Every structure is written in structure tokens, then in C-alpha cells.
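All remarks here apply to the structure that follows.
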Amino acid sequence: MRKIVLIVLLGWFGMLGIKAQVDTSVRLTIREGVDGPAKTAIERSLSDLLTEINQAYLEKRALNLVSLNMTDAARDGLAAMWENVRFYCDDAEVVQNCLLKGLNGYQIRQIPLMMKPTDGSTSQDDEFQEGVANFSASGQITRFNVSLATTSYLSVVSRGTDVTDVRRREEILSYVEHFRTAYEEKDLAFMNQIFSDDALIITGTVIKSKKTDGKSITLDHDVVFHSKTKQEYLASLKQSFASNSYIRVKFDEIKVVKHPTLTDFYGVTVHQLYSNSSGYSDDGYVFMLWDFRDKDNVMIHVRAWTPKYYDKAKTQEVPVEKIPSIGDFKLDL
Amino acid sequence: MKKLLYYLFLSCFSLSLFAQADRAEIKKQINKIKKSQAYISAEATMPTEAEAMDVANQLLVMEINNWIQSKRHSDEVQQVVLQDINSCKEMLDMKRGTQVRAFVYVKKKDIVLIKGEGQIVLNENEQGADLRPLAEISEPLNPAESQVESVPSTAQPSDGKGALERIADTATMADMKGVFADLKTQGIITYGEYKVGMDVPGAYLLFYDRQGNIRAVVKKEGDVLTHVKTQQRMTLNDFDGCAAYWFTLK
């Protein structure tokens with residue numbers, strides 16, 4: 001009898017221990033940045049979403065987002081993310097400032113998430129990540145995704161020269177975040193929209209050559225670039241999305257450079273780590289030329305990928321001067 | 001033996017629950033500070049404690065700057081001083097998975113805004129405050145870039161003998177604030193924050209420590225520092241860990 005009681009107690013404490021890690025109800029409290037009905041709506045929308053995420057995580061099921069205050073695009077994006085990785089909010093109450101996003105939207109950053117990939121792969125470094133949620137003026141969730149690392153965010157925003165420049169940098173980062181997660185969510189529609197029709201897609205590949213002076217042979221490396229049209233790129237992307245159950249993209253070392261002469265044009269360079277379920281992975285730099293002239297129709301005119309290393313052993317880095325930058329492209333507007 | 005194992009398992013799970021309770025309590029404490037209008041705070045989660053503190057500090061600087069910009073006459077602020085920096089930035093640290101979470105915060109009433117050259121403005125509640133050195137901030141907060149240019153090329157503190165004695169007899173920065181304010185009102189003194197390497201011909205230097213105690217008032221002539229009271233020759237090494245103001249007297 002004593003043994004049975006002890007086993008029951010053991011099991012009960014064990015269940016409590018596991019359940020205590022994930023809160024079944026999550027509340028968002030906005031510290032400052034928005035007031036009135038919008039504040040109430042944002043708090044309710046995100047509280048409901050984070051609560052559903054935690055409950056779906058505990059119950060090991062798909063997300064039920066139908067009744068939540070979200071756009072269809074936000075629902076699709078989140079559902080696609082849930083296919084690749086399950087996660088939960090690490091706090092029962094999230095207290096954050098509300099930031100302005102664009103002219104009439106809002107954003108909540110630094111939502112603490114604990115990630116568990118569905119393929120069983122574990123990465124200690126990736127377990128904790130921060131989420132970011134975007135909202136319309138009425139408080140409806142328009143986007144929820146994993147954000148760029150805070151260090152990357154800081155390195156870009158802290159270089160803002162004035163309030164306007166800081167706001168523009170925040171906006172750029174928001175688009176870069178969306179661009180990154182579009183690969184993971186296999187969002188072909190976003191890719192079609194974000195690239196201009198005459199966008200230039202450039203991929204660098206390493207070529208090796210042997211040189212000899214008659215006495216010895218030396219190996220020489222270089223990067224050659226091949227270009228594709230937008231349609232060619234989207235076609236190969238579509239194929240990649242279809243043949244891989246998941247795609248993982250990580251951005252860091254983000255640099256934002258304003259075009260020297262053209263207002264609203266920015267060059268963004270990121271260090272990208274890419275991997276997919278087929279086992280392919282690469283490590284390189286992506287340069288993007290962003291056009292912010294039309295706030296409702298932001299687009300990329302150039303996307304150039306350069307490998308980070310000449311060799312697979314990652315002993316020889318490609319020199320910085322080989323990485324395309326904003327000065328390498330002449331815009332014909 | 002089996003009983004011992006059972007009790008051992010039970011105690012492990014109980015400890016786990018206690019650890020969970022501690023963690024929940026810290027989270028509540030953090031959220032309480034975050035929701036309070038009396039504080040400015042920031043947090044970061046990084047692989048190591050040092051990285052988490054560094055990023056949290058940078059975010060705190062951003063938040064303080066944003067707060068200052070929201071205030072009236074913010075464009076006049078030349079310097080921001082955080083009083084009692086050690087207790088200002090307390091860190092509550094806890095883990096998120098394998099990463100470390102750092103949370104730093106400062107009381108708004110402990111932030112002193114200095115507008116213009118040598119004009120010390122108390123915080124909005126006009127509470128008396130000791131002026132203490134700015135330290136350990138990852139980025140300068142509105143550094144007074146033109147201080148070198150503002151130093152007069154020839155400064156002869158001949159008429160300020162009484163003022164010099166008054167300054168030399170003051171023991172704390174709390175009292176010094178009143179002395180400087182009084183002398184400035186009379187048009188006798190010009191002063192600013194001193195940085196090593198600044199060219200301040202004919203000026204005096206006032207050194208003070210983190211606790212706000214005046215260490216010495218010296219006359220600077222080239223690289224030579226002379227204590228105004230004892231006439232003892234001193235060097236900058238004697239004031240390691242101190243901050244300083246320069247001043248000239250009419």
C-alpha cells in the first residue's frame with residue numbers, strides 16, 4: 001500500500017513538474033506606445049494567440065487559429081512555421097512596449113519563445129528565440145514570426161542618425177525579417193510580390209584554377225557570378241519548396257547602407273545560413289537592394305548571393321571586396 | 001534501499017517545483033518593474049551572462065535616450081548622469097533554456113539631465129541629488145562634443161581667489177553643485193566635464209570619486225598638477241577611478 005501511495009505521489013509531482021514549465025494561459029500587457037481601443041485590441045489579440053500556441057504545444061496538436069483576430073496571411077504563415085517547428089511562450093505574462101510600424105501599424109517585439117524542431121533535431125543555441133508580432137491599426141495580427149537576433153537589430157537601429165532614420169531602419173529590419181521567414185514558410189506569393197519584375201538575381205560560385213611557374217603549382221580561387229531573371233529564380237524556388245519538408249534560414253551580421261544619391265534606396269547585406277531537409281546547406285552573404293519609394297509596394301531590385309568561404313573546410317574566407325555592394329549597381333529609373 | 005530511492009525521486013521533483021516557484025517569482029518581479037512608470041528597463045537573452053549584460057545595457061541606453069527625447073527641451077540636454085550607478089543598474093538574471101536572461105533597470109528619479117554647459121538641472125521632482133560620475137554605459141549619452149572648443153584660450157583666475165577657496169573647501173559634489181550654481185549666477189565661473197587629453201590652459205581641475213567625495217582641486221599647468229591647498233605636485237595617476245570637471249574663474 002505504501003509503495004502504491006509513493007508511486008502515485010511520484011507521478012503527480014512529476015506531472016506538475018512538466019506542466020509547470022509551459023503556462024496554459026498567456027497575457028500580453030503593453031507598457032507604453034499605444035492607448036485606447038487599439039491597445040486593448042492588441043493585448044487581447046496577442047494574448048489569445050499566445051495562449052492557443054501554448055495549449056497546442058502541450059496537447060501536441062495543430063494550431064486552431066480560425067477564431068483568432070488575425071489576417072489570413074498571418075494564419076497561413078504561422079501554420080507553415082508550426083509544420084517545421086513547435087514552440088511555446090516562456091512567460092505567463094509578457095510585458096513589452098508597443099512600437100509604431102509604418103504609418104498606421106504596430107509591433108510588439110521580444111516575445112520569449114522556446115523552439116522545438118519537429119524533425120527531432122536539436123540545437124542548443126536555437127532553443128530560445130524571440131518572436132515579433134505586427135498589427136494593423138485596429139489591433140488585428142497581420143504577421144507573427146521569429147525575429148532577427150537582438151544584437152543584429154541593435155547594430156542596425158543604433159546607427160540611426162535621427163528619429164526618422166531610426167524609424168526607417170526599423171522598417172527595413174521588419175521587411176528583412178519577413179523576407180527571411182518567407183523562405184521557411186515557403187511563401188512564394190510574398191517572394192513574387194517583393195521582387196520587382198526586372199529584379200536581378202545573382203549567385204556566386206567558387207572556381208578554382210591551378211597556376212604554375214614551372215617550379216611549383218599554386219591553387220587560385222575566385223568567385224564568378226551568374227544571373228537569373230525573377231521568373232527563373234521563382235521557378236527554382238518553387239521546386240525547392242516542393243521537394244523539401246522544411247527550409248531553415250538564419251540571418252545575422254546585418255548591415256544597412258543608404259544609397260549615396262537616391263533617396264529611399266538601401267543596400268542590405270546579411271550573413272545567411274541556409275539548410276533544408278534534403279541535407280543541403282550553405283553559408284554565404286546575401287546583398288539586397290531595397291526600394292522604399294512606395295510604402296505600400298516595397299520591393300527588391302537586386303539579390304546577390306556570395307559564398308562566405310572558398311572551401312568546404314571553411315579555412316579560406318572570400319574577401320569582403322568580392323561581396324556585391326550598393327555601389328556595384330547602376331539603377332536606371 | 002528501494003524506499004530510499006523513492007524518497008530521493010520525490011525530493012528531486014519537489015526541488016524542481018521549488019525551482020519553478022523561484023523562477024516564477026523572479027518573472028513576477030521583473031514584470032512588476034517593467035509595468036512601473038518609475039523605472040526604465042531593458043532585457044536581453046544571450047548565450048553568456050557577459051553578452052546578455054552587454055546587449056541589455058545597450059538597449060537600456062536606447063530606452064533612456066527615447067525617454068529623454070520625449071521630454072520638453074530635450075534638445076538642450078548635453079549630458080545624462082545616472083546617480084549611484086551600482087545600485088541603479090541591478091541585474092536580475094535567470095535562464096531561458098541554456099541561455100542567460102539579463103534584466104537591467106534604472107529609476108527615472110535617479111537620472112540627472114545636464115543642459116548646456118555647466119548647468120545642472122535636477123530631475124523633474126527637484127529632489128536633491130549627489131552628482132556622481134557616468135560610468136559603464138556602453139555608448140556615450142549625448143556627449144558634449146564641443147567642450148574642447150568652449151575652453152577659453154587664456155584664462156586668468158585672478159579675481160576669483162575667494163571663489164577658489166570656497167571651491168577648495170567644499171567636501172562633496174552635493175555641496176559643490178550649489179557652489180558652482182552660485183558662482184555661475186555671479187558670472188565668475190566657467191566649467192565643463194574634463195576628459196584626459198583636453199587642452200585646458202589656465203584651468204583648475206576638480207576630481208571626485210564615485211561616492212561623490214571631492215578628492216582634490218588642482219591647478220593644471222601643462223602636465224603639472226598642483227594641489228591648490230597643499231601645493232603638492234600630483235599626477236593623473238593619483239586620481240585613478242575618479243572623474244573630473246575643469247573650471248576657470250574670473
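Each reported figure results from applying straightforward, stated rules to the coordinates on display, with no laboratory input. On a predicted model such as this, the values are computed, not experimentally measured, just so you know. Reconstructed Cβ throughout: ideal geometry from the backbone, glycine too, with neighbour counts over all protein chains shown.
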Exercise. Using only Cα atoms, find the angle between the long axis of helix A:72-84 and the longest principal axis of chain A, and express it within 0 to 90 degrees, rounded to the nearest 10.
Key: 90
Practice problem: Shielding by partners for A:89-96, please: the mean number of other protein chain Cβ atoms within 10 Å of each residue's Cβ. | Solution: 4
Quiz item: Of A:43, A:184, A:317, which has the largest mean-square fluctuation in a 10 Å C-alpha GNM of chain A?
Solution: A:317
Quiz prompt | Simple label model, 7 Å out from Cα along Cβ direction - residue A:137 to residue A:71, nm | solution = 1.4
Quiz item: So how tilted is helix A:230-243 from the main axis of chain A? Cα-based, degrees 0 to 90, rounded to 10.
Solution: 40
Practice problem: With springs only between Cα atoms under 10 Å apart, run a GNM on chain A and tell me which of A:253, A:170, A:127 wobbles the most. | Solution: A:127
Quiz item: Counting partner chain Cβ atoms within 10 Å of every residue's Cβ in A:29-41, what's the average?
Solution: 1
Quiz prompt | Acute angle (nearest 10 degrees) that the helix A:36-58 long axis makes with the longest principal axis of chain A, alpha-carbon atoms | solution = 80
